[in-house]
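Written out below as structure tokens is the structure these notes cover.
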Amino acid sequence: MSTKSISHSAQLAKRRLLKAAVTGGAALWAGQGYKLFAAAKPDEQPVTSAVRWGLLVNVSQCGDGCDDCVTACQAENGWGSGSSDEQQSNALQVAQWMRKLDVHNPLDGSTFSLPLMCQHCDSAPCVDVCPTGASFKRADGIVLVDRHTCIGCRYCMMACPYKARSFVHEPLFDQRAHQPRGKGCVESCTLCAHRVDKGKQPACVEACPHGAMVFGDVNDPNSEISQQLAKVSSRELRKNLGLNAGVRYAGIPVV
Ligand code: SF4
Ligand code: SF4
């Protein structure tokens, strides 16, 4: 075999390896049954299960003391400091679509900062327990609350292992047209579905100055998130619960 054909074979083998790595990464996520396909959804096309939206957060890139993702979420969705009339009769009632947690490991004294929001679980306990069907999962994996059918029983809040949901206790008037909120309803991160459906990134991802968040279709082996998942070691919070979360974390120190 000539040097040229050896090098050609090596290139082919390399391409095959790369393809397998990327596909393997997506399959790791999809281990629970997602299809491998990707396409941006045109406005007029309904949501499809061919797409599985996912978010990868690299906590090693997450800035210390930075909460730009949280303030962007507030501004975009009109909660917390992003709402001019948000009021709580009790400090514990504060809305928490997204939080920045400082995680401390007592074994080695290490700390890191972790943004926490709804994990958009495939097997979502909030959806399972909701008596009215108000909690639901879209075909593309985004978990939402239909405020018209939510009766405020808060079963979903109790079922969520990530404490990702909050309840609106007081009347609100200054609302975003695309994100109406209301007293008596439960709410949580929507992955900015209103933006995603228009081909945009979630507000937190767009705002992160450190490039710590990657959003995209994990069913598409060519998407940035699939490629990142193939390259870096990532994990699911509370993987032991078997919820197959749509949010994954990289860079969490292992002791
Ligand atoms: S993280 Fe909580 S609110 Fe979000 S889908 Fe899972 S159980 Fe539901
Ligand atoms: S609070 Fe609303 S969304 Fe949650 S379980 Fe009750 S009806 Fe369903």
Per-residue HN-Hα couplings for the stretch 165-179 [Karplus 6.51, -1.76, 1.60; θ = phi - 60°; Hz; x = Gly/Pro]
10, 9, 10, 8, 8, 10, x, 10, 10, 8, 10, 6, 4, 8, 9
Please compute, for the alpha-carbon atoms of the stretch 95-235, the extent along each of the three principal axes and give them in descending order in Å.
43, 40, 31
Can you sort PHE215, PHE136 so the residue with the fewest Cβ neighbours within 10 Å comes first?
PHE136, PHE215
The exposure ranking of SER123, SER113, SER234, fewest beta-carbon neighbours within 10 Å first, is SER123, SER113, SER234
Ordered by packing density, taken as the mean number of other Cβ atoms within 10 Å over each peptide's residues, highest first, how do 88-94, 160-166, 59-65 rank?
160-166, 59-65, 88-94
Students often check this: by mean Cβ neighbours within 10 Å, which of 127-134, 182-189, 169-176 ranks highest, and how do the rest follow?
182-189, 127-134, 169-176
Relative contact order, percent, of the stretch 118-197 when contacts are C-alpha pairs under 8 Å separated by at least 6 residues?
29
With a ≥ b ≥ c taken as the square roots of the eigenvalues of the C-alpha gyration tensor of the stretch 93-159, please select rounded if a/c is under 1.5 and otherwise prolate if a/b is larger than b/c or oblate if it is not?
prolate
Order of 150-158, 74-82 by packing, highest average Cβ count within 10 Å first?
74-82, 150-158
Rounded, prolate or oblate: which fits the stretch 120-159, taking a ≥ b ≥ c as square roots of the Cα gyration tensor eigenvalues, rounded meaning a/c under 1.5, else prolate when a/b beats b/c?
oblate
Between VAL103 and GLU206, 0.36 nm times their residue separation minus their Cα-Cα distance comes to what?
34.7 nm
Site ASP128, offset 7 angstrom along Cα→Cβ, radius 14 Å on amide nitrogen, limited to the stretch 142-159, gives 156-159
Dipole magnitude of the stretch 121-255 about its Cα centre (Cβ charges: Lys, Arg +1; Asp, Glu -1), debye to nearest 20:
280
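Read-outs throughout are calculated quantities, based only on the coordinates presented, and are distinct from any laboratory measurement. In this text, all values refer to a predicted model and were calculated from it rather than measured experimentally. No Cβ is skipped: glycine too gets one built from the backbone with ideal geometry, and neighbour counts run over all protein chains shown.
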